[in-house]
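The values are calculated or read from the model by the stated rules, or taken from the named source; none is laboratory data. Keep in mind the model is a prediction, meaning the values are calculated, not measured. Note that we place each Cβ from the backbone using ideal geometry, even for glycine, and neighbour counts take in every protein chain shown. Heavy atoms of the whole protein, side chains included, go into the accessibility calculation; ligands, DNA and RNA do not. Shrake-Rupley method; radii C 1.70, N 1.55, O 1.52, S 1.80 Å.
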Amino acid sequence: MKYKDLIEKMTLEEKASFMSGKDFWQTQDMERLGINSMFLADGPHGIRKQAEAADHLGLNESIPATCFPTASTVANSWDVELGEKVGRYLGEEAVAQKVNVLLGPGINMKRNPLCGRNFEYFSEDPYHAGKLAAGYIRGIQSRGISACVKHFAVNNQEERRMSIDTIVDERTLREIYLTGFEIAVKEGKTKTVMSSYNKLDGVYTNENQHLLREILRDEWGYNGVVVTDWGGNNDRVAALLAGNELEMPTTAGETNQDIIKAIKDGKVKEEVLDENLDRLLDLIFTTEEVFQGSYKKEFDIKAHHQFAQQVAEESIVLLKNEDNILPLKKDAKIATIGDFAKDPRYQGAGSSIVNPTELDNTLELLKASGIHHIGYEQGFERYGKKSQTKIDSACALAKEADVVLLYMGLDEVTEAEGLDRSNMKVPENQVELLDALHKVNPNIIVVLSCGSAVKMPWIDKVKGLVHGYLSGQAGAKAVLRVLTGEVNPSGKLAETYPLHYKDTPSYRYFPGKEVSVEYRESMFIGYRYYDTAKVDVLYPFGYGLSYTTFDYSDIQVNKDGVTFNITNTGDVSGMEIAQLYVGSQSEQIFRPAKELKGFAKISLNPGETKSVTIAFDDKTFRYFNVKTNQWEVEEADYQIFIGASSADIRLTDTVSIEGTNAPIPYSKEQLPSYYSGKIKNVGKQEFEALLGREVPVATWDHSKPLGYNDTIAQCQYAKGLFARFAFQAIKFSHWFLKKIGKRDTANLIMMSVYHMPFRGMARMTGGIMNMPMLDGVLMIVNGHFLKGLKHVVKERNKMLKSRKAIN
Ligand code: BGC
């Protein structure tokens, strides 16, 4: 142990006091031994340091910081070095605000397009997400502080995120849901990992020995700190044993007492606490070195804004360019329509919300852009219903224009933490506007702002489609520069855009509605499914256009990697993202048709040719064998594909690879869906054969009294009349708030009340309520009103008395 001497000077109580926060954002300190507290702040695309009222829902304001494009946006750049640079800027701002741990990046897989937090994540591919995240982490940590990769793991739905039990087979867990984290840990060398709220196979991830010990520490050699997601602690002692050093936010010491008791009772060895504390102290000491000398308390706001613009420029994706409507022709008369042109949609809602230092706005920028702009019309109300008057005014303006720029997108309330989207549509009133505009002017370019995939039954009505994603505080300028051709777009999608929501592989298995969510589609998420099952999509993974064209030639493959040439065959400079996919030709072990194993971004002048090499690595041919319980390589011929997207393969070759001779882990007859990749309708028996165990009951057990980990929503069938009444009142207020247009407050109710487990009342209230008081609440819920009420009052008095005695 590095800090043995220091730890030996502490009492048991003192040691335990470090295991949970001092307040909402800070860790415990100890003047006597010279230990300062550490500040943790969100993340991930800007700093959200709250100076005053603290919350983890993005409600109260934070100190201004640069709002960079969100992860789903930067993902489209496929540029690891750019990610690293973003990390350096984030790290610099974190240092200026005296933040020790920046709570990001978030790298959960985009299992389903409706996950409300997809805008905060990179990709549907673990290799891609892991590489980008590792770049961010290296950048952030180069400033002397710590990144915090989150949410570990399988946190792929927002609703019921604090209670849902994810049922996933071990191979899929390793290959799809953990590989990104593995890269973040091994290549990014993150110093902090945040465990997720959910359970994995019946055990909270934060207490999960398999996840936190066997995989994270023993296999990956992780030596840093694991922090809970805010309020995500369930059993503090079980979490300590699994290697969770820090519970956040504070529980006013309540859970520290659990640790002390477990040690005194001999249930836990004091060495376990010492080891956890040793790692936590290391994080505290190493991330405060930067603050000991003179450090920069300010950053160059203008330069950071400028860099945010550059990041957006590299991340914008051109999805359609019929008749080369883009870049805009000089002197063409341009009409701008759509609420988002005036009031940009540039980030998502929830704990990641940044208070930007500046905010670009298209209408303002148009004045100085050189574009022949003839006017603006709002066209639709962001949160409103169809307005014929607004449509009429927009059409009148469109008639006068050569080209219409239509700014569409999702609103802030639709893409939010704690909630999933209910469909993949762009709001109806925007589509109605587009229909009307198309009748008066067919030259429409849509500028889209949203952080996740939407469906586009309207795509034939537009000639140009520029997807800015959520491009941060300088995104408006970046988009304009793409429209005018000052910037040649080079972004490519890091997620598939299906034609219909029902085409998505997890359509039938998302979200988990009561106890659990079953990942029956296994590893066939995103393009892995569409390619294998041969399902048409709107835009494939890896897709994006440019104002120039690229030719691929001369592929050469050997055991170390693949080399090929790319030529810019157009007449402007541009950047191309070449993608390496690998597919096994053996049919012994089921696999997706192809999987991403590398990529390169190359900048080329007109006519220029460059030779590109993408090296193979330890992940190129491996698969996780559930019989040997380790990574293996199957002896086989592998196809090497070089593509401009997952669906646009330009070069192919084959390589024979020696295997590790592991036994075949599956019986083909038992897993027909998985061997064919047609996994839309996997039966229970087949899923159990894949899992190697029974699937637990997925529905609530109405006969059992409600407990700590049941959710407030379950009050609907509680024994206590009061609880059932409270449930109806919550439901009614949600419905009513939505009806009167207060969707954000309605969402808040769903997120922070409806889906909250009862234990959250004690874990998230900073000590206002403790677990014994919660026992009283549960008595009331379960039908013992008076007894419960008395218990609450008694326990509250006890708590207040003991606090008084301590103070
Ligand atoms: C989110 C985390 C965030 C934390 C602190 C939680 O609700 O899931 O991503 O870092 O709050 O704000």
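Normalising the Debye intensity of the range 321-412 to I(0), with uniform scatterers on Cα atoms only, and taking log10 at q = 0.24, 0.25 Å⁻¹ returns -1.26, -1.30.
The convex hull of the Cα atoms of the range 92-153, projected and averaged over all directions, covers 4.3 nm².
When its C-alpha radius of gyration is set against 2.2 N^0.38 Å (N residues), the range 474-548 gives a value of 1.50. Please go through the range 391-433 and write out the GluC sites (Glu not before Pro) that DSSP classes as loop and that have at most 14 other C-beta atoms within 10 Å. The qualifying sites are E400.
For the range 574-633, trypsin sites (Lys or Arg not before Pro) meeting the loop criterion (DSSP other than H, G, I, E, B) and having at most 16 other Cβ atoms within 10 Å: K627.
Once Rg and the Kirkwood radius are both taken over the C-alpha atoms of the chain, their ratio Rg/Rh works out to 0.97. Among the chymotrypsin sites (Phe, Trp or Tyr not before Pro) within the range 324-405, those in coil by DSSP and having at most 16 neighbouring Cβ atoms inside 10 Å are Y383. Separation of the range 738-781 from the range 240-313 is 26 Å, based on Cα centroids. Within the range 214-342, what whole-number % of the accessible surface is contributed by carbon and sulfur, with the 1.4 Å probe and all protein chains included in the calculation? Exposed carbon and sulfur together represent 46 percent of the surface. Expressed as a whole percent, the accessible area of the range 36-142 that falls on carbon and sulfur atoms is 44 (1.4 Å probe). To make sure I understand the rule: partners must be lysines, Cα under 21 Å from the Cα of K684, and not fewer than 8 residues away in the same chain. Which ones qualify? Those lysines meeting the cut-off are K199, K502, K513, K668. Measuring nothing but protein heavy atoms, the accessible surface of the range 446-497 at 1.4 Å probe radius is 40 percent carbon and sulfur.
The residues of the range 415-528 expose on average 26 square angstrom of accessible surface per residue, using a 1.4 Å probe on protein heavy atoms. For the chain, the relative contact order comes to 13 percent (Cα pairs under 8 Å, sequence separation of at least 6).
Less than 5 angstrom separates the built amide H of M19 from none of the residues sequence-distant by 5 or more or on a different chain. Based on protein heavy atoms only, the range 44-155 ends up with 19 Å² per residue of surface accessible to a 1.4 Å probe. Here the Kirkwood formula, the inverse mean of 1/r across different C-alpha pairs, assigns the range 358-427 a hydrodynamic radius of 14.6 Å.
Counting alpha carbon pairs within less than 8 Å and at least 6 residues apart, what relative contact order, in whole percent, applies to the range 106-164?
Contact order relative to length: 42 percent.
What the phi angles of the range 435-451 give under the Karplus curve with 6.51, -1.76 and 1.60, with θ = phi - 60°, is a coupling list of 4, 5, 5, 4, 5, 9, 7, x, 8, 10, 10, 8, 10, 9, 10, 6, x Hz, glycine and proline written as x.
Under the criterion of Cα pairs below 8 Å and six or more residues apart, the relative contact order for the range 558-663 equals 30 percent. Work out the charge dipole of the range 306-356 with +1 on the Cβ of Lys and Arg and -1 on the Cβ of Asp and Glu about the Cα centre, then indicate which of A312, P356, F340 is farthest towards its positive end. My answer, from the dipole projection, is F340.
What are the equivalent ellipsoid semi-axes of the range 230-389, built from the alpha-carbon gyration tensor (square roots of five times its eigenvalues), in whole angstrom, biggest first?
With the √(5λ) rule applied to the range 230-389, the semi-axes are 54, 22, 15 Å.
Probing with 1.4 Å while keeping every protein chain in the model, the per residue accessible area of the range 631-687 equals 50 Å². Charged side chains reduced to their Cβ positions (Lys and Arg at +1, Asp and Glu at -1) give the chain a dipole of some 2460 debye around its Cα centre.
Here K9 is the anchor, and the aspartates and glutamates within straight C-alpha reach of less than 17 Å, apart from those fewer than 8 places off in the same chain, are D29, E31, E270, E271, D274, E275, D278, D282. Our compactness index for the range 19-93, the C-alpha radius of gyration over the empirical 2.2 N^0.38 Å, is 1.36.
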